[in-house]
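K.L.:
Pasting in a structure now, in structure tokens, and then I'll have a few things to ask.
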Amino acid sequence: MNIRSSFALRRWVGVALLLCVALVASACTSTPIDPTWAGISLVGDGQNILIAFENQMTLINPTTGRPVELRDAEGQVRVDDQGNARVWNIPSPDGGTKFYTSPLPLDEGSMLALAYTKKLYRVDLASGVLYNATTGVDLPGQVIAAPTINGDLMYVGFSERNLIAYDISDVQNNSITEVWRLETDHGIWASPLLVEGVLYVPCMNHTLYALNAETGELLWSADLQGAITSTPVFQNGRLYVGTLARKVFEISASDGQILSESATQDWVWGTPALVENTLYVADMAGYVYAFGIGDGGLTQQWSQQVATKGIRATPVVVGDALIVASRDTYVYWLNPADGSPLLDTEGSPIKRQVNGEVLADMLVINPSEGLDIPEPLLIVSTMNRAELLVAFALDTGQRQWVYGR
Amino acid sequence: MWDLILNPFVTLITLLYSMLGNNIVLAIVVFTILIRVLTYPLTIQQQRSMRAQQEVAPKLKKLQEKYKNDREKLAQEQMALYKEAGVNPLGGCLPMIIQFPILIALYQAIIYSLASTPTQLIGLSGRLLIPGLDHLIPLNNVWLGMDLTLPPTSNPIWAMALPLLVLVTTWLQYKAMPQPPKTTSADGKPDQAQAMTQSMGTMMPLMFGFFSLSFSVGLSIYFVVGNIIGIIQYRITPKPAAPPPSEIVVEESKPKRQEPKPSKAKVK
């Protein structure tokens, strides 16, 4: 090695070192990923799909997969100055507002939209316009989970900590009033469940709270050993919920006593699906479980490793199909009786790939002659903006349409 | 592949968190110390190499003066000198490059452990290699009123002290490092490696101080602790006595064509 090559090598090593420093810097800087996944829900008799993701909320036509066009009183499509059809789309009112929970119906003509960026807006359902876009209503925290509305009370869990019950009777005037609050030392990432005047609040601090929905009085609380990231399911006076402690619990709704529990391979993030007396649970290792429920507690009927990555979304059970969607970018059709793959007419497992991780819950759209939807549809939302929504034929798994931004 | 490094790190931080009273800052401090101790042999090798370069610096300077008009000859003599002294000119850089994947995994482990949003926490799933640690999730990431997952600009005003601390401790660590020999090239300009080291010594504290404005507070704490440990390591590493300049004599090596044996530089 002569001195020139030595100098040249040193120079390249210096450049490599600087690149490493830049790499470290980029690795350390928080990447601008979305804090959570899209909120999707069905709106009205038309089964339009409302998707709230990042800086927009859009209403999607389930037949075409395109944004719903706005129409005037005569039913004509409204057009803008350039002659383009106007569509139901609400952009961020200030450029920085972000939405991850679907708006909730307030009355026949309006909805309430809670932004991750600590604001509440009122939405005109017919026009897709925010009534209070310029001001909004300030909230004390970020909202990840959809709130629950009961008459004039709205229960909002905040992702940092606390749940607050608001009186929303005067929300038309941009005014909401705190009625009571549940103070927690961790966030609330799942919607509270309201059953017969009792509000069940899952919290990341491992505790499931039962509160008097009117007064906020604590009825009981149960330590479930792990963070609770999903809304419990209620049936016959019992609650069913999974936690990050790799367990599924059966809890008495009257006193919070743990009646039975069953271990899973990994975290249980999503809400279980309860059909008749079978509880379908998916975990973050890609396993799916079926538990019988009854007086004997949770009884495991079968378990199968279905996916290569975690399953966060709640399983969907329709007819003879149990459908799960995974972070491994696949949607799987299974036999609810034993978890084996359902086969298509050619004998191949029905397993469909999408272009991104699936984290959001799925939707089912019922067939409708009036809406020109001949067969039931399965709506899957991915983390890839090019395939924010993908519609599959529920029976065959055939892809119908894709909505992307 | 990357998970082979990352997952044990994430598990270790979480384990330390549980052993240290659910204190994430203490966990980061002890974790940093452990990693620094484990990579100490690499650090030692790096320091030895730099000190060895320091030792040959006076001879190198004399060679540069002697052959300032003959770059080829200077190159031969320098390489002979390095060979004689057992110095690898790149020996200080390679251990540092080897440590970078460990450092990046360490940073990411802290980011994953401090997960504060659903998508961040989803990324943590499957990374805890000890099942019993799940009950600790999510870790308490608030310290002194600061949310450790957020940058200083989104925290109380006192969090702005952290970028300043990162800047100061990075600079102090640079000052504690063995400095490369002050040499000049044949044309009288400062040696490239020396100039680069000096400019990095100025730029890196500024860069890391600036980046710390957007790093999470938890990472800034790691940087400060890591820098302090680095300073201590550099201080306690034994320094070999440098030979008095008067004793250094550089002999001209014989050209290979005339001398069958390789040339040697002697130190009397």
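K.L.:
Can you tell me which of (1) without any contact (Cβ under 8 Å) to a residue 24 or more places away in the chain; (2) away from chain B (no Cβ under 14 Å); (3) more than 23 Å from A:A273 (Cα to Cα) is the one A:N205 doesn't meet?
P.N.:
All conditions are met except number (2).
K.L.:
Continuing with the same structure: Listed residues A:A213, A:A227, A:A146, A:A190; which is in contact with a strand residue (DSSP E or B) (Cβ under 8 Å, 6 or more places away or on another chain) and farther than 25 Å from A:F53 by Cα? Let's see the steps before the verdict.
P.N.:
Numbers: A:A227 fails: farther than 25 Å from A:F53 by Cα; A:A146 fails: farther than 25 Å from A:F53 by Cα; A:A190 fails: farther than 25 Å from A:F53 by Cα.
A:A213 is the lone residue from the list that is in contact with a strand residue (DSSP E or B) (Cβ under 8 Å, 6 or more places away or on another chain) and farther than 25 Å from A:F53 by Cα.
K.L.:
Going through A:V306, A:V364, A:V331 one at a time, which residue ends up being surrounded by 14 or more Cβ atoms within 10 Å (Cβ to Cβ), farther than 24 Å from A:G39 by Cα and of a type in the set (V, I, T)?
P.N.:
A:V306
K.L.:
Would you check which residues across region A:185-215 are among the small types (G, A, S) and in a strand (DSSP E or B) and list them?
P.N.:
Across region A:185-215, the qualifying residue is only A:A210.
K.L.:
Give the residue, chosen from A:G286, A:G256, A:G242, that is crowded, with 17+ Cβ neighbours inside 10 Å, closer than 27 Å to A:A165 by Cβ, free of Cβ contacts under 8 Å to residues at least 60 places away in the same chain and within 14 Å of another protein chain (Cβ to nearest Cβ).
P.N.:
A:G242
K.L.:
So which residues in region A:149-180 are hydrophobic (A, V, I, L, M, F, W, C), in a loop (DSSP other than H, G, I, E, B) and in contact with a Gly (Cβ under 7 Å, 6 or more places away or on another chain)?
P.N.:
If the condition is that a residue be hydrophobic (A, V, I, L, M, F, W, C), in a loop (DSSP other than H, G, I, E, B) and in contact with a Gly (Cβ under 7 Å, 6 or more places away or on another chain), then A:F158 is the only one that fits.
K.L.:
For region A:138-162, enumerate the residues that are hydrophobic (A, V, I, L, M, F, W, C) and within 18 Å of A:S102 (Cβ to Cβ).
P.N.:
A:L139, A:V143, A:I144, A:A145, A:A146, A:I149, A:M154, A:V156, A:F158
K.L.:
Which of the residues belonging to region B:26-49 are aliphatic (A, V, I, L, M) and surrounded by fewer than 20 Cβ atoms within 10 Å (Cβ to Cβ)?
P.N.:
Answer for region B:26-49, where residues must be aliphatic (A, V, I, L, M) and surrounded by fewer than 20 Cβ atoms within 10 Å (Cβ to Cβ): B:L26, B:V30, B:I33, B:L34, B:V37, B:L38, B:L42, B:I44.
To keep it simple, each residue is scored yes or no on (1) over 29 Å from A:N212 (Cβ atoms); (2) assigned to a loop (DSSP other than H, G, I, E, B).
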{"residue": "A:A113", "(1), (2)": "no, no"}
{"residue": "A:L120", "(1), (2)": "no, no"}
{"residue": "A:N132", "(1), (2)": "yes, yes"}
{"residue": "A:Q142", "(1), (2)": "no, yes"}
{"residue": "A:A145", "(1), (2)": "no, yes"}
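K.L.:
So how many residues does region A:209-218 have that are under 14 Å from A:G256 (Cα atoms) and either buried (at least 17 other Cβ atoms within 10 Å of the Cβ) or modelled with pLDDT under 95 (or both)?
P.N.:
3
K.L.:
Which one of these is modelled with pLDDT of 95 or more, among the polar types (S, T, N, Q) and in contact with a Gly (Cβ under 6 Å, 6 or more places away or on another chain): A:Q400, A:Q353, A:Q301?
P.N.:
On the way: A:Q400 fails: in contact with a Gly (Cβ under 6 Å, 6 or more places away or on another chain); A:Q353 fails: in contact with a Gly (Cβ under 6 Å, 6 or more places away or on another chain).
Answer to the check: A:Q301.
K.L.:
Next question, about the same structure. Does region B:90-105 hold any residues that are crowded, with 20+ Cβ neighbours inside 10 Å and either modelled with pLDDT of 80 or more or at the interface with another protein chain (Cβ under 7 Å from one of its Cβ atoms) (or both), and which are they?
P.N.:
The answer is B:C93, B:A105.
K.L.:
Of the residues B:P131, B:P156, which single one is free of Cβ contacts under 8 Å to residues at least 12 places away in the same chain and more than 10 Å from every other protein chain (Cβ to nearest Cβ)?
P.N.:
None of the other options fit; the residue is B:P156.
K.L.:
Need pairs with beta-carbon distance below 6 Å; first residue within 14 Å of chain B (Cβ to nearest Cβ) and within region A:320-331, second of a type in the set (K, R); sequence gap 6+ or separate chains.
P.N.:
A:S326/A:K309; A:R327/A:K309; A:D328/A:K309
The values are calculated or read from the model by the stated rules, or taken from the named source; none is laboratory data. Keep in mind it's a predicted model, so treat the numbers as computed, not measured. Because the Cβ atoms are built from the backbone with ideal geometry, glycine has one as well, and the counts that use them run over all protein chains shown.
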